[in-house]
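K.L.:
Questions regarding the structure given below will be posed in turn.
The values are calculated or read from the model by the stated rules, or taken from the named source; none is laboratory data. For clarity, every value in this text was computed on a predicted model and none was experimentally measured. Here Cβ is always computed from backbone atoms with ideal geometry, including for glycine, and neighbour counts include all displayed protein chains. For accessibility, only protein heavy atoms count, side chains too; no ligands or nucleic acids. Shrake-Rupley method; radii C 1.70, N 1.55, O 1.52, S 1.80 Å.
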Amino acid sequence: MKVKIIGENIHIISKKVKDAINNRDAAFLQDLAARQVEAGAWGLDLNVGPRKRDGHEVLPWLVEIIWDVVDVPLSLDTTNLTAIEAALESVDDPSKIIINSTSAEPERLEKVPLVAKKYGTKLIALTMGKGAIPVSADDRVNIALEKLIPRMEEVGFPIEDLIIDPLVLTVSGLQEYCPQCVEAIRTLKVAWEPPLKTIGGLSNVSNGVPREMRPLINRVYCAQLMGAGIDMMIADPLDEKLMEVIRIIEERDDSTPVGRLYLTIYDKTAAMEEVTPDDVDMNDPEQVAIWKTLQVLENKVIYTDSYLKM
Amino acid sequence: MPIEIPKQKWSGAVREAVIGATPEEGGTRKKKVIVGGQTTMPFLHFEGEVPHPPVIAIEIKDRKPDDWSPLLMEVWGDVADDPGAWAKKAEENGADLLLLTLSLTDADGNPNTPERAVEAVKKVLEASGLPLMVFGPGQADLDNELIVAVSDAAKGERLVLGICEEQNYRTITATAMANDHLVSSRTAMDVNLAKQLVILIHDMGMPLDRILIDPTTGALGYGIEYGYSVMERLRLAALQGDTMTQGPMLITPGEEAWRVKESKVGEGVPEAWGDWKERAINWEVTTATALIYSGADIVIMRHPESVARVHAVIQDLMTAVEPA
Amino acid sequence: MALTGIQIYKLLPKTNCKECGFPTCLAFAMKLAAKQAELSACPYVSEEAKAKLEAASAPPIRLVTVSADGHEAKAGNEVVLYRHEKTFYNKPGLFLRVYDDMSADEIQAKAKPASEYVVEYVGIELDMAGTAIQARGGDFVAAVEAVRAVSDKPLILIADPDALDAALAKLQEIGIENDRPLICAADADNWQAMAELGKKYNVPVTVKADTLEGLADLTEKLKEAGLQDIVLDPGVRNLSDSLTMYTVLRRLAIKSLYRPLGFPIIAFPGDAEDEDKEYALATMAIAKYAGFVVLDRFTPARAYPLLVLRENIYTDPQKPIQVLPGLYEFHNPGPEDPVFVTTNFSITYFSVANEIDGSGMPAWLLIADAEGMSVLTAWAAGKFDADRIAKAVREFKVEEKVSRKRIVLPGLVAVLSGELEEELPGWEVKVGPREAVDLPSYMKNVLAAE
Ligand code: SF4
């Protein structure tokens, strides 16, 4: 089964994107959308931030101009529910919209599923209640089983349209969460009938990490998440090396040594086995870097900004 | 049926560090202090080596401090204007080594100068034969200026120089390397940062056996649980073979404990807090001992009664016991 | 170690037939992991899986409760050696000991203030767990009566079986609700009589022996006699042997799953020859695995730090201590002075407050409600965003306090600055250093220079 990539690049954190939205520069955003889809994105995430004042104008406009150039599902990534409703009112086919997101916090869990149900959208739900994000996989899965799913059943929202996000967090500072998120995906995949769909924001795993190291961490974590059975990832489809790893895994392309190592990570994660030094050619610097990254992501070696040099 | 004692096999060890140099070694110290070398978690003699006990440093200042608790000034007040006399008195009160912290300003509020810092260090070195650590006042520019001068003036003494922090470690590290001293690497209660700064200092060429790790801990009641767990995690990583976390750990329970309200303030506090002095000493002792259980090697303290009590704790803990 | 949901799931039939009453095998597995379901509810578990699950499902350290009236001292149910691995659950109760050769007045003068002692720490009330009463050639029953006249908190009774029998009968007669003391101690000679008492009065029993084998032998005998609630006294009285034995016992229970020693530990710092050693032993007992701690000396200035240490060590690393959201002042700030903002995670607050305080410069510190998370975690969880910060600015009326509207974000969340500018029109949003230690130089070199 293929993992669906939701392109992350239309994000308010980028200054250019922010300016383009503020200036209603459709061309820039349309280009960014088209390039992501060409690169293999299955859908696109539109993160406009809270945008209290004009979210209800911005989001419908954004959806409209994006759908003018690409015909893919859109994930509306904002806490501004009014903006989301305005966008949903303006579109013909809300079933191609993903609301991103609800959580198990009472206020959001009360309102957001009702909107999703009313318009027939898909819905991303975070395994996070009030208070700290739980570290352990089981605690996160329990939030899905005890809070999120019951609420969906209560409002009659179809579980098939629910997408659980157990929250990818950064290895820089929140390292102990990284392996647990992989386990949470694995557990969620068998938790329900019909099986739950799962999603994760891949790039979050390298937030705060020096820029040049981020892509490698993202690639290795991607192989782990795929091994655990993740269905969708919010990620950067313009990252060619990342897309190449996904291709290698999906096509089981074992023609290169590095590709074989990624396949091993994928297979062993799927089998709940450990990758060992025997799986790695320690004379190949690229494989060594992958191995070190895996050690850090599995929380076996303490992360630092210079872990690759050690 | 005999019970199999569960012993952990560790692949790593804490690195040994030597502080202070005797005349034969190019210094003037009458003894040196060696810490580290453990191959097990604290004091589990039955599964590994604990070759050196944790040591206690007494903290002294280059001039009478403005903000120390009256309870501390009761003890040190008569010598606080003379770092040499203070050093001597600290030695008499059981210090294994000394920490001299340099003040930001002189008594009149003028910035401290390298000349005065060097003078204070010289007085301390003359008055006491104990190994010495010298920390700057904690402001990057002044720290560098003062510590470089101190480092040059005390070349060969194997001082511990501080404070190396993420934003300001290069100058101190460079001067410590040039003059055969050690450095203390301080980060804020975080395993990643603690390890990272050691790497950065080591990258400059400083040998690992001359880098002490100060993970900062918080005082009892003020975050000690974080410091405690950060230290346990660093020590576990060290024993598992992570070379950048294998340095001996240096902690400052004296400074931490004596800055909280429970120790600083005698009046206007809840009755349930009890007698001021008894409480204040217990605060420092509890902060220090708890952190000894989580892996401290060098314990910097302030009150002589606390020092005596923690010494007794360490002595007891160094008795090897075979479980049966 | 306890099994996770997915590990249990792997041992189940994976057919989702729903006969257990749960919609999926995994949902059932999660309940088993949380000990909220019985394995017998699934008719299809294989014998092999059953054996594995049963071995893993009993808690490695049995939970033992000592109670009286509404008070409880619980010990056991621990699952880790180091608190960061999960958390330590049941805080060891501190018991102050009196002896039966003291007069009733002396006993009460000692027991009452300790029993009534309460101290507040970060909004939590901390107290002593109760009183221990030890026979020393006096009238044991009278001593128990004397204590009960001034305290309805849990008891630990230390005497020979006959005296204990009489005392337990007396307690029944006094009739405090849930009065369930711990009795000490069964040894190789008297274990049968002690077992009888444990059963007759339904109270937990301490076993005492100098060796692990001796302890294991006794617990097995008591279990055969039908007792479950057992507490271990390995007879250690120094720091080194206590640390060694407590660590070995904890490892045997948790790592080796060695059932005969899967019980909480009682420590007797009170047996120390002087008060400093007693204090040191108590510190150790709290940090290193004791479940019940018996002391001979009580003063508020001793109890307070020990209780705070216990609170700190037993804080769930994932449920950090919080400080009250609000606007805090340093060095009498005025309308021109900068406003720093951070989260209400206690450590974040302490470190930022310490540095601002230490800088000697006037400033405001706005603490936003981020549900007790550190800056980075809170930001990742959406609990520390522009919205929440703006809310805090309004809630605590910051605009009434300052004329020069400058707010300084923690460097870790520099990304929020754009959004915050939108949320707070008219404010100058600045990005501070990533680490609190760099605040003083930032204040001096950047803010003051403006
Ligand atoms: S009864 Fe057993 S097989 Fe059926 S769903 Fe429950 S756990 Fe699975």
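K.L.:
Keeping the other protein chains in place, figure out the carbon and sulfur percent of the accessible area of region C:395-450, with a 1.4 Å probe.
P.N.:
Carbon and sulfur atoms account for 50 percent of the accessible area of region C:395-450.
K.L.:
Among B:29, C:136, what's the order by accessible area (1.4 angstrom probe), most exposed first?
P.N.:
Details: B:29 5, C:136 125 Å².
Reading off the accessible areas and sorting them downward yields C:136, B:29.
K.L.:
Report the charge-dipole magnitude of the protein assembly as shown in Debye, nearest 20, computed about the Cα centre from +1 at each Lys and Arg Cβ and -1 at each Asp and Glu Cβ.
P.N.:
Roughly 1160 debye for the protein assembly as shown.
K.L.:
If each DSSP helix of 4+ residues adds -39,500 (n - 2.57) and the sum is divided by the residues in chain B, what number results at 222 nm, nearest 500 deg cm²/dmol?
P.N.:
Estimated from H runs of four or more residues: -12000 deg cm²/dmol.
K.L.:
Could you tell me what percent of the accessible area of region C:1-130 is made up of carbon and sulfur, with a 1.4 Å probe and every protein chain present?
P.N.:
Reported share for carbon and sulfur atoms: 50 percent.
K.L.:
Moving on. Can you find, among A:99, A:66, A:78, the residue farthest towards the positive end of the dipole of chain A? Put +1 on the C-beta of Lys and Arg, -1 on that of Asp and Glu.
P.N.:
A:78
K.L.:
Now for a different question. How do the peptides A:6-14, B:265-273 rank, highest first, by the average count of neighbouring beta carbon atoms within 10 Å per residue?
P.N.:
So the order, starting with the most tightly packed, is A:6-14, B:265-273.
K.L.:
May I pose another question? Quick one: compute a quarter of the convex hull surface over the Cα atoms of the protein assembly as shown and quote it in nm².
P.N.:
Convex hull of Cα atoms, orientation-averaged projection: 45.1 nm².
K.L.:
Testing the spin-label approximation: label points 7 Å from Cα along Cα→Cβ at residue C:394 and residue C:121. State their distance in nm.
P.N.:
Spacing of the two 7 Å Cα→Cβ label points: 3.9 nm.
K.L.:
What would the Debye equation give as log₁₀ I(q)/I(0) for region A:183-247 at q = 0.13 Å⁻¹, counting only Cα atoms as equal point scatterers?
P.N.:
Log-scaled intensity ratios, in q order: -0.37.
K.L.:
How crowded by other chains is B:132-139, given as the mean number of beta carbons from other chains within 10 Å of each beta carbon?
P.N.:
Neighbouring Cβ atoms belonging to other protein chains average 1 per residue here.
K.L.:
Top to bottom by accessible area (1.4 Å), largest first, where do C:251, A:252 land?
P.N.:
Largest to smallest exposure gives the sequence A:252, C:251.
K.L.:
From the protein chains alone at 1.4 Å, what is the descending order of accessible area for A:178, C:17, largest first?
P.N.:
If we order A:178, C:17 from most to least accessible, we get C:17, A:178.
K.L.:
Here's a follow-up. Given charges of +1 on the Cβ of Lys and Arg and -1 on the Cβ of Asp and Glu, with all other atoms neutral, how large is the dipole of region A:4-236 about its Cα centre, in debye to the nearest 20? Can you show the working numbers first?
P.N.:
Details: 25 positive and 33 negative charges, 106 e Å.
Here region A:4-236 has a charge dipole of around 520 debye.
K.L.:
Highest GNM mean-square fluctuation, chain C, Cα pairs closer than 10 Å: which of C:159, C:290, C:132?
P.N.:
The residue with the greatest mean-square fluctuation here is C:159.
K.L.:
Still on this structure: What does the charge count around residue B:141 come to, taking other residues whose C-beta lies under 15 Å from its C-beta (Lys +1, Arg +1, Asp -1, Glu -1)? Could the numbers behind the result be given before it?
P.N.:
Working: positive: B:170, C:444; negative: B:143, B:145, B:165, C:438.
Charge balance near residue B:141 sits at -2.
K.L.:
To continue, here is another question. Can you give the FRET efficiency for residue B:8 and residue B:31, using 1/(1 + (r/R0)^6), R0 = 25 Å, r = Cβ-Cβ distance, to the nearest 0.05?
P.N.:
That pair, residue B:8 with residue B:31, gives E of 0.15.
K.L.:
Distance in nm between label sites at residue C:192 and residue B:320, each 7 Å beyond Cα in the beta-carbon direction?
P.N.:
The two pseudo-label positions are separated by 4.3 nm.
K.L.:
Treat every Asp and Glu Cβ in region B:26-318 as -1 and every Lys and Arg Cβ as +1, leave all other atoms uncharged, and give the resulting dipole magnitude about the Cα centre to the nearest 20 debye.
P.N.:
That gives region B:26-318 a dipole magnitude of about 600 debye.
K.L.:
Given A:197/A:309; A:52/A:147; C:199/C:319; B:261/C:444; A:189/A:300; A:309/C:255, which pairs have Cα atoms separated by over 30 Å?
P.N.:
Those over the limit are A:197/A:309; C:199/C:319; A:309/C:255.
K.L.:
Moving on. Might you work out the accessible area of residue A:183 for me, using a 1.4 Å probe with all protein chains in place, and round it to the nearest 10 Å²?
P.N.:
Answer for residue A:183: close to 50 Å² accessible.
K.L.:
Give the C-B buried accessible area in Å², both sides summed, 1.4 Å probe, nearest 100.
P.N.:
Answer for the C-B pair: about 4600 Å² buried.
K.L.:
Sort all Cα-Cα distances of region B:190-324 into consecutive 10 angstrom bins from zero, then give the percent of pairs in each bin up to the one containing the longest distance.
P.N.:
12, 36, 31, 16, 5, 0
K.L.:
Sticking with this structure for a sec: Specify the inter-centroid distance of region C:322-362 and region B:222-296, based on alpha-carbon positions, in whole Å.
P.N.:
Rounded to whole Å, the Cα centres lie 23 Å apart.
K.L.:
Right, something else. Under a point spin-label approximation (7 Å from Cα along Cα-to-Cβ), what is the residue B:67-residue C:109 distance to one decimal in nm?
P.N.:
Output for this residue pair reads 4.4 nm.
K.L.:
Excluding ligands, DNA and RNA, what is the solvent-accessible area per residue of the protein assembly as shown at a probe of 1.4 Å, expressed in Å²?
P.N.:
37 Å²
K.L.:
For chain A, what is the calculated [θ] at 222 nm in deg cm²/dmol (nearest 500), taking -39500 (n - 2.57) for each run of four or more DSSP H residues and dividing by its residue count?
P.N.:
-14000 deg cm²/dmol
K.L.:
Can you give the mean number of other chain Cβ atoms that lie within 10 Å of the Cβ atoms in peptide C:417-428?
P.N.:
Per residue, the number of nearby Cβ atoms from other chains is 2 on average.
K.L.:
Across the residues of C:377-385, average count of Cβ atoms on other protein chains within 10 Å? Don't jump to the answer; show the numbers that get you there.
P.N.:
Numbers: counts 7, 2, 2, 13, 9, 9, 6, 0, 3.
The shielding value for this peptide is 6.
K.L.:
Counting only protein heavy atoms and rolling a 1.4 Å probe, how much accessible area do A and C lose on contact, total for both sides, in Å² to 100?
P.N.:
2700 Å²
K.L.:
Quick one: what do you get for region B:1-102 if you divide its Cα Rg by 2.2 N^0.38 Å?
P.N.:
Numbers: Rg = 19.4 Å, N = 102, 2.2 N^0.38 = 12.8 Å.
Against the empirical 2.2 N^0.38 Å value, I get 1.52 for region B:1-102.
K.L.:
Now a separate question. Plugging the Kirkwood radius over Cα pairs into Stokes-Einstein for chain A, at a temperature of 10 °C and a viscosity of 1.306 mPa s, what D comes out in µm²/s?
P.N.:
On the way: Rh = 19.9 Å.
Roughly 80 µm²/s, to the nearest whole number.
K.L.:
From the Cα gyration tensor of chain C, with a ≥ b ≥ c the square roots of its eigenvalues, which class applies: rounded if a/c is under 1.5, or else prolate if a/b is larger than b/c, or else oblate?
P.N.:
Oblate shape, in that a/c is at least 1.5 and b/c is the bigger or equal ratio.
K.L.:
For residue B:312 and residue A:254, what is the calculated FRET efficiency with R₀ set at 60 Å and r taken between the beta-carbons, to the nearest 0.05?
P.N.:
The pair residue B:312/residue A:254 has a calculated efficiency of 0.40.
K.L.:
So, one more: Once the other residues with Cβ under 15 Å from the Cβ of residue A:187 are scored (Lys, Arg +1; Asp, Glu -1), what is the net sum? Could the numbers behind the result be given before it?
P.N.:
On the way: positive: A:140, A:186, A:189, A:197, C:10, C:14, C:31; negative: A:138, A:139, A:146, A:165, A:183, A:193, A:231.
In short, 0.
K.L.:
Okay, next question. Can you give the accessible area buried between chains B and A, summed over both chains, with a 1.4 Å probe, in Å² to the nearest 100?
P.N.:
Chains B and A together bury approximately 900 Å².
K.L.:
A further question follows. Residues of region C:235-250 that become at least 30 Å² less accessible with every protein chain present than in their own chain isolated, using 1.4 Å: which are they?
P.N.:
C:239, C:240, C:243, C:244, C:248
K.L.:
In addition: Taking the alpha-carbon set of region C:322-450, what are its Rg and Dmax in Å?
P.N.:
12.9, 35
K.L.:
Where Lys and Arg each count +1 and Asp and Glu each count -1, what net charge lies around residue B:304 among other residues with Cβ under 12 Å from its Cβ?
P.N.:
Numbers: positive: B:89, B:302, B:309; negative: B:59, B:74, B:91, B:92, B:284, B:305.
Summing Lys and Arg as +1 and Asp and Glu as -1 gives -3.
K.L.:
Expressed as an acute angle from 0 to 90° and rounded to the nearest 10, what is the orientation of the C-alpha long axis of helix A:214-228 relative to the principal long axis of chain A?
P.N.:
So the inclination is approximately 90 degrees.
K.L.:
Now for a different question. Would you mind checking the tilt of helix A:177-189 against the longest principal axis of the Cα atoms of chain A, expressed as 0 to 90 degrees and rounded to 10?
P.N.:
70 degrees
K.L.:
Taking chain A as a Gaussian network, where each spring joins two C-alpha atoms under 10 Å apart, which residue of A:213, A:243, A:226 fluctuates the most?
P.N.:
A:213
K.L.:
Report in % the part of the accessible area of region A:184-282 that belongs to carbon and sulfur, leaving out ligands and nucleic acids; probe 1.4 Å.
P.N.:
Result for region A:184-282: 48 percent of the exposed heavy-atom area is carbon or sulfur.
K.L.:
Note the full-extension length gain between residue A:247 and residue A:71 as 0.36 nm times their separation in residues minus their Cα-Cα distance, in nm to one decimal.
P.N.:
Values: separation 176, 0.36 × 176 = 63.36 nm, distance 2.25 nm.
Extra length available between residue A:247 and residue A:71 comes to 61.1 nm.
K.L.:
What is region B:26-318 by shape, rounded, prolate or oblate, if you read a ≥ b ≥ c off the alpha carbon gyration tensor as root eigenvalues and call it rounded for a/c under 1.5, prolate for a/b larger than b/c, and oblate otherwise?
P.N.:
It comes out rounded by the Cα gyration axes.
K.L.:
Also, quick follow-up: Can you compute the helix-only [θ] at 222 nm over chain C? Use -39500 (n - 2.57) per DSSP H run of at least 4 residues, normalise by all residues, nearest 500 deg cm²/dmol.
P.N.:
So the helix-based figure for chain C works out to -11500 deg cm²/dmol.
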